[in-house]
Structures are given as C-alpha cells and as structure tokens.
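Presented below is the structure to which this report refers.
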Amino acid sequence: MKKTFTFAHPKLQPARVADSIKHEIKKYLNRERRKPLPAGMDYWTFDCRFGASADTAAKVFTPEINKHIDAAMAQELTEFYVEILARACQHQPRTNAE
C-alpha cells in the first residue's frame with residue numbers, strides 16, 4: 001500500500017476521517033497477514049514509511065502508525081503519505097549469550 005491520505009472531507013470532521021484511515025490501514029494489514037506464506041517462511045513483517053509527502057517519508061514501526069496519524073492531525077496537516085509493504089520472514093534461532 002502506497003497511498004496519500006487527506007483529512008479534508010465535506011461532511012466529516014477530521015477526527016472521524018482519521019478513524020476511517022486507521023480502520024482502512026488495519027484492514028489492509030489483516031488482509032496481508034491472511035495471505036498464504038511462501039514455503040519455508042514463518043510470518044509476515046511490514047516495512048512502513050510515514051511522512052507529509054512521499055519524498056519526506058521516514059521509516060516507522062507498524063504499531064506506531066496510529067500515533068503518527070494522530071500527530072499529523074495535531075499538526076493540522078492537510079494530507080500525509082503512508083507506505084506499507086509486506087515481506088515474508090523466517091524466525092532466526094536464538095543463540096545462547098553467555
């Protein structure tokens with residue numbers, strides 16, 4: 001998902017628009033997690049970027065996306081960019097650190 005979201009809506013308040021954006025992102029993450037994994041892979045991980053535009057987007061962790069949306073709304077940004085790319089990964093065995 002590479003998308004620019006806007007808080008402007010003719011009938012809805014920005015807080016409700018932010019809630020709908022968060023819901024759309026949550027649906028996308030859940031849909032990607034339901035996809036079958038390639039052979040030898042254990043789980044899906046997500047490479048995420050967030051910013052005022054695609055050029056200024058910085059890497060963020062998946063659980064922090066909602067916090068960044070709230071911060072963008074508090075800064076009164078008219079729009080923001082979110083990029084979420086799914087990647088299949090395999091757990092690495094733990095090493096005993098002595």
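If you check Phe50, Phe46, which single one turns out to be farther than 20 Å from Ala88 by Cβ, hydrophobic (A, V, I, L, M, F, W, C), modelled with pLDDT of 95 or more and not in a helix (DSSP H, G or I)?
The match here is Phe50.
Taking the residues in segment 21-54 that are among the hydroxyl-bearing types (Ser, Thr, Tyr) and more than 17 Å from Glu76 (Cα to Cα) as candidates, determine which candidate is surrounded by the most Cβ atoms within 10 Å (Cβ to Cβ).
Ranking the qualifying residues of segment 21-54, first place goes to Tyr28.
Taking Glu76 and the conditions (1) surrounded by 11 or more Cβ atoms within 10 Å (Cβ to Cβ); (2) in a loop (DSSP other than H, G, I, E, B); (3) not β-branched (Val, Ile, Thr), which numbered condition does it fall short on, given that it satisfies the others?
In the conditions (1) surrounded by 11 or more Cβ atoms within 10 Å (Cβ to Cβ); (2) in a loop (DSSP other than H, G, I, E, B); (3) not β-branched (Val, Ile, Thr), Glu76 misses (1) alone.
The values are calculated or read from the model by the stated rules, or taken from the named source; none is laboratory data. If you're wondering where the values come from, they're calculated on a predicted model, not measured in any experiment. Reconstructed Cβ throughout: ideal geometry from the backbone, glycine too, with neighbour counts over all protein chains shown.
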